[in-house]
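Visitor: Right, I'll just put the structure down here and ask away after.
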Amino acid sequence: MAEDDIYGNKKRWENWVLEYINKKNILKKPENPKRLYYCKNKENFKYYVKLIRSFEVDDLSYIRRGRLKDVMNLLCFFIDIDLKNANSLEREEIIIRIRERIKPSQLTKTASDIRRIGRILFDDVERPCFFREFRIKTDISRQEARKDKIGIIEFDKIMKYFNKKSNIKAYLSLAFESLARPQEICYTKIRDVEFYDEGYAIVHINSHGKEGIKKLLSIDSYPYLLQMFTEHKDRTNKEAFLFLNEYGNQLTPFSINKQIKLACKKLKIDKPITCYSIKRFGVTYRRLQGDDDITIQKIAGWKSTKQLKTYDLSDQDDVFKIELVKRGLLKDNKLKEYQPKTKICGYCGHLVGFSETKCPKCNILVDKDLIKERYERSKDDKKAEEEMKEVFKFALKHPEMSFIEVMDKFRNN
């Protein structure tokens, strides 16, 4: 039996089956203007029943059931004859309607869903059926870059924004490093995490993982994970969720997305960043760092490298920039954009998270750029102090001059 997910898709699916299939409301033209689709031809109702039965046999996840159901609704709304008898004319109509309603980036996925529906419904039909071989040409020129693409500078700002929320910092850093899905992380329990004194942790995904049982490696996210665990209200309970909200309940992707949205608004980051944006950023970062496809696949726990195409958002500009840095042609670079690594306090040896500027144990600066900046400023302060001593000596020798005249004279000299 398929498990419910953290988004509540099981209840949503069961309510739809009860309302539109069991009560046959899918055949009725909706009175609610917000609901457009319904099954125009009563002969096609049997295909809904067959589709739902196949979902039960295959134990398909509820989120996939919902997606295929939406595509089925579209087919039965725009094809008003028996789907089995649909021909090239209906195929053209469907393609036109899909292009009107589906984003260019989702066309390939929608076409794949139609083929899947065709194989389920018409696998025993001898005559050619366009559903099983459905293809839709995608115009590359119409594809747009994802608007939620972020860099480490923006990521670092978001991490610093949540400085007082160890649960969000731990989630963001672990999602970035391990390339895990929101549901996998949010369903982690106390018993699933192992901390090692050497400075890393292993998180076991035993349920609610799309790829099945796997592990998440935490190295750079380790300080944040350890801090959250130390502050956990119920850490002695092995069955308690590892990630909790401020009320002691399971942390959800919806809650995280809401907080990220608020953070972006206050930080003036005009991008629709979500939990999945962090996962995409993690994959993109690893590709730009030079990690090979197999390494990324194993870290993410994927069955193949096909998903790289979905999650890798690197483009020509990113590659050009790194190439220029390697050749020494780009000096004032932001190479630190691609270096979110755990730091060690030089004073007390404490392990410090990559977005922290001070050691949480001894309050000493650990950010190299800030240390350098403060050092340079201190040198300038000493220089200014020596200059002021010379000004006062000059002023004492010339009491007839005002201080402003002394300063002007001193500058001119």
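The values are calculated or read from the model by the stated rules, or taken from the named source; none is laboratory data. Bear in mind the structure is a predicted one, so any value in this text is a computation, not a measurement. Backbone-built Cβ (ideal geometry, glycine too); neighbour counts: all protein chains shown.
Visitor: How about segment 170-252: which strands (runs of 3 or more DSSP E) wholly inside it have at least 3 residues that are not hydrophobic (A, V, I, L, M, F, W, C)?
Guide: In segment 170-252, the matching strands (runs of 3 or more DSSP E) lie at 214-218.
Visitor: Name every residue in segment 234-265 that is of a type in the set (Lys, Arg) and out of contact with any Phe, Trp or Tyr (no Cβ under 7 Å at 6 or more places or on another chain), in order of residue number.
Guide: Listed by number, the residues that qualify are LYS238, LYS258, LYS261, LYS265.
Visitor: Could you run through segment 95-138 and say how many residues are hydroxyl-bearing (Ser, Thr, Tyr) and closer than 21 Å to PHE55 by Cβ?
Guide: Of the residues in segment 95-138, 2 are hydroxyl-bearing (Ser, Thr, Tyr) and closer than 21 Å to PHE55 by Cβ.
Visitor: Just name the residue that is nearest to LEU313 (Cα to Cα) out of those in segment 263-276 that are touching a helix residue (DSSP H, G or I) at 6+ places or on another chain (Cβ under 9 Å) and surrounded by fewer than 12 Cβ atoms within 10 Å (Cβ to Cβ). Give the steps one after another, and end with the answer.
Guide: First, pick out the residues of segment 263-276 that are touching a helix residue (DSSP H, G or I) at 6+ places or on another chain (Cβ under 9 Å): 263-264, 266-267, 269-276.
If we keep only those that are surrounded by fewer than 12 Cβ atoms within 10 Å (Cβ to Cβ) too, we end up with 266, 270.
Numbers: LYS266: 25, ASP270: 18 Å.
Checked segment 263-276; the qualifying residue nearest to LEU313 (Cα to Cα) is ASP270.
Visitor: Which of the residues belonging to segment 76-85 are closer than 16 Å to ASP124 by Cβ and either touching a helix residue (DSSP H, G or I) at 6+ places or on another chain (Cβ under 6 Å) or in a loop (DSSP other than H, G, I, E, B) (or both)? Explain how you work it out, then say what you get.
Guide: To start, the set of residues in segment 76-85 that are closer than 16 Å to ASP124 by Cβ comprises 82-85.
Those that are closer than 16 Å to ASP124 by Cβ and either touching a helix residue (DSSP H, G or I) at 6+ places or on another chain (Cβ under 6 Å) or in a loop (DSSP other than H, G, I, E, B) (or both): ASP82, LEU83.
Visitor: Just checking, which of LYS28, LYS50 is outside the structural domain of ILE256 (by TED's automatic domain parsing), in contact (Cβ under 8 Å) with a residue 60 or more places away in the chain and among the charged types (D, E, K, R)? Show your work before the answer.
Guide: On the way: LYS28 fails: in contact (Cβ under 8 Å) with a residue 60 or more places away in the chain.
LYS50 is the lone residue from the list that is outside the structural domain of ILE256 (by TED's automatic domain parsing), in contact (Cβ under 8 Å) with a residue 60 or more places away in the chain and among the charged types (D, E, K, R).
Visitor: Could you tell me whether ILE94 is surrounded by 12 or more Cβ atoms within 10 Å (Cβ to Cβ) and part of a helix (DSSP H, G or I)?
Guide: yes
Visitor: Out of all the residues in segment 39-54, which are within 34 Å of the chain's Cα centre (by Cα) and outside any helix (DSSP H, G or I)? Give the derivation first.
Guide: Taking segment 39-54 as the starting set, the residues that turn out to be within 34 Å of the chain's Cα centre (by Cα) are 48, 51-54.
None - no residue of segment 39-54 is within 34 Å of the chain's Cα centre (by Cα) and outside any helix (DSSP H, G or I), so the list stays empty.
Visitor: Between PHE134, PHE162, which is outside the structural domain of ARG116 (by TED's automatic domain parsing) and either over 30 Å from ILE120 (Cα atoms) or aromatic (Phe, Trp, Tyr) (or both)?
Guide: PHE162
Visitor: May I pose another question? Mind listing just one residue for me: the one in segment 277-297 that is part of a helix (DSSP H, G or I), over 8 Å from the mean Cα position of the chain (by Cα) and of a type in the set (D, E, K, R) and, of those, surrounded by the most Cβ atoms within 10 Å (Cβ to Cβ)?
Guide: Here the residue is ARG286.
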